[in-house]
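Single-structure report; data block below.
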Ligand SMILES: Cc1cc2nc3c(=O)[nH]c(=O)nc-3n(C[C@H](O)[C@H](O)[C@H](O)COP(=O)(O)O)c2cc1C
């Protein structure tokens, strides 16, 4: 226990770096182009301060909530990611950990495990789709998710195929055959523990996308699936409304950063949105999500559930997002580091860290529940909040600083 347990997500990341082959670690750390957005997602949380009390703390703190009709023991969900080569148990380990800690998992279309296997270990599974393939293929995938027992859909629409990283993209083979294995072997041999975990499981990293397999066909490779997606004409708002209508149940649109888009998502009939910039993996220099959250929550929070993802590494980050209007947050890299560091137990470890940090923040702020957290509990720098696409602004993605000023920042850093 002592050697595998970690006390912060940052330590889990350090361990992941030591354990994973460099190209696998590189694929997780990712971030596009210069990596401005991925860095800012985390830095923005650090710029917000807490304003704790010294007495009058509440003896019990309620952390539970409900998202898309699913009761959660804490306002943290697993965001969908493809985790093919991190651990042989992949999304099954993540789903089990989430179930053990009372939360839901978003399962990526590009996941290495099937929706049937994941719902079998966590009944609170949300299946994530892209606008990819023909309408018939999309319907088949939704139908399969429904039959498998998925509780809801996450439609991720923020991807615009930006590419290139200043530190170089990791090499990902099309398939793991003898030739590619030989090419990969030198770096795998430098990470014997990772190699041993896979050898012990009797499996090699699965580079296919089983959830995109047509009935009777073979699972496409990651690149095959990516090619289908790239070749699909991008969706209109009518397409989004169409897709939403095809799912009889809760439906989230992930990737919203602008107020005008949030309102259109409401018009398309979604149940929830996630304020997200794909963890800094999409268009670099998109601002940190926490800076856009209050404007979006204020605009549509009464009509849909507003979540946030991007940069969450600590329980206090969760508290800050909830205080600024998020019903819950979704985590990506935080649980991937946990999975790499210690499999299912590592993901549980990460969720425990977030729970502990959140509870400390709620205690310090003198609240009995996360639902009492408000912007008054935070110290926010002047001009921090952004209102992209605000109809009260001039046009397009202008930052309406006038509108940003009166945002509820009770205790400002300058005071
Ligand atoms: C390695 C990796 C793979 C991802 N794959 C997907 C995916 O398949 N579908 C999706 O909607 N988002 C995907 N994301 C984005 C995450 O769901 C989430 O938005 C992001 O990781 C949140 O930022 P964080 O990593 O700072 O928590 C991926 C992110 C990473 C790091």
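The values are calculated or read from the model by the stated rules, or taken from the named source; none is laboratory data. Just so it is clear, the model here is predicted, and its values are computed rather than measured. Cβ atoms come from the backbone with ideal geometry, glycine included; neighbour counts cover every protein chain shown.
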* Structure fact -> By residue number, the members of the range 262-271 that are within 16 Å of the ligand (Cβ to nearest atom) and in a helix (DSSP H, G or I) are 265
* Structure fact -> In the range 272-291, anything part of a loop (DSSP other than H, G, I, E, B) and either touching a strand residue (DSSP E or B) at 6+ places or on another chain (Cβ under 7 Å) or more than 11 Å from the ligand (Cβ to nearest atom) (or both) is listed as 276, 283, 284, 285, 286, 287
* For the range 156-260, please list each of the helices (runs of 4 or more DSSP H) lying entirely inside it that holds at least 1 residues being in contact with a helix residue (DSSP H, G or I) (Cβ under 7 Å, 6 or more places away or on another chain), at pLDDT below 95 and closer than 26 Å to residue 145 by Cβ. => 222-230
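Yes or no, residue by residue, for (1) crowded, with 16+ Cβ neighbours inside 10 Å; (2) away from the ligand (no atom under 13 Å from the Cβ):
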{"residue": "11", "(1), (2)": "no, yes"}
{"residue": "20", "(1), (2)": "yes, no"}
{"residue": "61", "(1), (2)": "yes, yes"}
{"residue": "68", "(1), (2)": "yes, yes"}
{"residue": "71", "(1), (2)": "no, yes"}
{"residue": "95", "(1), (2)": "yes, yes"}
* Residues satisfying the stated conditions in the range 352-369, i.e. surrounded by fewer than 24 Cβ atoms within 10 Å (Cβ to Cβ) and either free of Cβ contacts under 8 Å to residues at least 24 places away in the same chain or assigned to a helix (DSSP H, G or I) (or both) -> 352, 353, 355, 356, 357, 359, 360, 363, 364
* Structure fact -> Of the residues in the range 22-44, those that are within 10 Å of the ligand (Cβ to nearest atom) and not in a helix (DSSP H, G or I) number 2
* Asked: Would it be correct to say that residue 102 is away from the ligand (no atom under 15 Å from the Cβ), at pLDDT below 95 and either closer than 27 Å to residue 266 by Cβ or under 25 Å from the mean Cα position of the chain (by Cα) (or both)?
  -> no
* Scope the range 105-125; condition in contact with a strand residue (DSSP E or B) (Cβ under 7 Å, 6 or more places away or on another chain) and either within 16 Å of the ligand (Cβ to nearest atom) or modelled with pLDDT under 95 (or both); matching residues -> 105, 106, 107, 108, 109, 115, 118, 125
* Among all residue pairs at least 6 apart or on different chains, which show Cβ distances below 6 Å where the first residue, located in the range 24-37, is over 15 Å from residue 191 (Cβ atoms) and the second is within 8 Å of the ligand (Cβ to nearest atom) and outside any loop (DSSP other than H, G, I, E, B)? -> 31/38; 31/280; 37/280
* To do: Evaluate the range 54-64: report whether one residue or more is outside any strand (DSSP E or B) and under 30 Å from residue 172 (Cα atoms).
  => no
* **Looking only at the range 301-347, and only at residues there that are more than 16 Å from the chain's Cα centre (by Cα) and either within 13 Å of the ligand (Cβ to nearest atom) or not in a helix (DSSP H, G or I) (or both), the one that is surrounded by the most Cβ atoms within 10 Å (Cβ to Cβ)** => 324
* Structure fact -> How many residues of the range 73-93 are crowded, with 23+ Cβ neighbours inside 10 Å and closer than 30 Å to residue 371 by Cβ? The answer is 7
* Asked: Somewhere in the range 37-45, is a residue surrounded by fewer than 17 Cβ atoms within 10 Å (Cβ to Cβ) and either at pLDDT 95 or above or within 22 Å of residue 158 (Cα to Cα) (or both)?
  -> yes
* Output yes when any residue across the range 9-18 is over 17 Å from the mean Cα position of the chain (by Cα), part of a loop (DSSP other than H, G, I, E, B) and over 25 Å from residue 227 (Cβ atoms), and no when none is. => no
